[in-house]
1. Full-extension gain between Val273 and Glu36, please, as 0.36 nm times their residue separation minus the C-alpha to C-alpha distance.
2. What lysines sit close enough to Lys190 to cross-link, taking a C-alpha to C-alpha distance under 24 Å and skipping anything fewer than 8 places away on the same chain?
3. Label-point separation (nm) for Arg256 and Asn222, each offset 7 Å from Cα along Cα-to-Cβ?
4. Suppose each label sits 7 Å from its Cα in the direction of the beta carbon; what would the Glu99-Leu282 distance come out to in nanometres?
5. Straight-line reach from Lys103: which lysines have a Cα under 30 Å away, not including same-chain ones fewer than 8 places off?
6. How much length, in nm to one decimal, is gained on full extension between His83 and Gln136, taken as 0.36 nm per residue of separation minus their Cα-Cα distance?
7. I need the peptides 158-167, 71-80 ranked by packing, meaning the mean over residues of other C-beta atoms within 10 angstrom, with the highest value on top.
8. Quick one: length gained pulling Glu170 to His183 fully straight, 0.36 nm per residue minus the C-alpha distance?
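We did not get these values from a lab; they are worked out from the coordinates using the rules stated. Since we're looking at a predicted model, the values are computed, not measured. Heads up, the Cβs are rebuilt from the backbone with ideal geometry, glycines too, and the neighbour counts pull from every protein chain shown.
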Amino acid sequence: MQQEQQRERGEAGPARRGEGAQRPPPHQPDGAGGGERLLFDAHATHWASPYGLVGLLAAGQAQAEGKRERPLLTLPADRDVAHYWARAGFFRHATEYFELHGKVPRVAAGGESDVLLEVTPVRAAEDVHEVVDRIQERAARILSHELGLEAQATMGFAMALSEACQNIVEHAGTGGWVAVQTHNWRRTLKRRVVVIAVADAGIGFRRSLEATQAKRYGDRWNDATALEAALVQGISRFRDPGRGQGLAGIRRYLNRWEGKLAVRSGNARWGLVPPWDDDVPLAHGLPAFPGSQVLMIIPAHAGDGAGHATH
């Protein structure tokens, strides 16, 4: 049951070890662990989501940018799992950050796939525009025909994807990753969903907002209050009028279509939890992790015909 719950939260479910793909793995701060070399053991992993893959790349990226020794990554032994990682484009980027142990599958290019957008780097505003342009038409078709949602949901999807990626460019201080997939959400929803996963190894929400918000919160200032400031109050480190509304817009969009939003940074995770999910709205005291990770899930309309927004 625990593995199934992890799967439905957009994480991966390891059969025995495989912790590196289960969720963004623990991060050692600068100086922690001395000269130890990290091992990400995914050999027993039997499932992984886009969120797990972009989080794993962000962990490797953090090690590289911290000038630490390149970590080891054992590949999934399950042939189907390894092929999915390959179809999702994970291994193309993983070789830059990990020493891979295991055989990387060869997959044919092209063809229909549940992977809407392969794992794609986001480093500049031009990357954001390219990401949206690449999948907008196909995503619109899936949202309309497979998920039964209105045209408004399709327009909002492009906005949510763009804003989440733009957040990397404007706030992370480094590059990041995005991936989009459609699959069946079996345990609680029993419907098809589209999953957007975005991750970076940057400075995170607390450090991004610290200069303008730490004094206001005093002793209460931490990763959890930083997430609440950004996602609930729409606070941005930029003082320009109207800034900080990108994430708030994503929250409103997902709330309207009964979607899920989870944002993790540092040792905390804030979530917009729909009725069909059993996650917690706020978790803190989690293992520290660099940068930020964003998970968005848009479900199919529950009834027949066109989808209708919930108010």
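1. Numbers: separation 237, 0.36 × 237 = 85.32 nm, distance 3.80 nm.
So the extension gain works out to 81.5 nm.
2. In chain and number order, the partners are Lys260.
3. For Arg256 paired with Asn222, the spin-label model returns 3.5 nm.
4. So the two model labels end up 4.3 nm from each other.
5. Lys67
6. Numbers: separation 53, 0.36 × 53 = 19.08 nm, distance 2.51 nm.
That works out to 16.6 nm of additional length.
7. Numbers: 158-167: 21.4, 71-80: 18.2.
Result, highest mean Cβ count within 10 Å first: 158-167, 71-80.
8. On the way: separation 13, 0.36 × 13 = 4.68 nm, distance 3.03 nm.
Using 0.36 nm per residue and subtracting the Cα-Cα distance, I get 1.6 nm.
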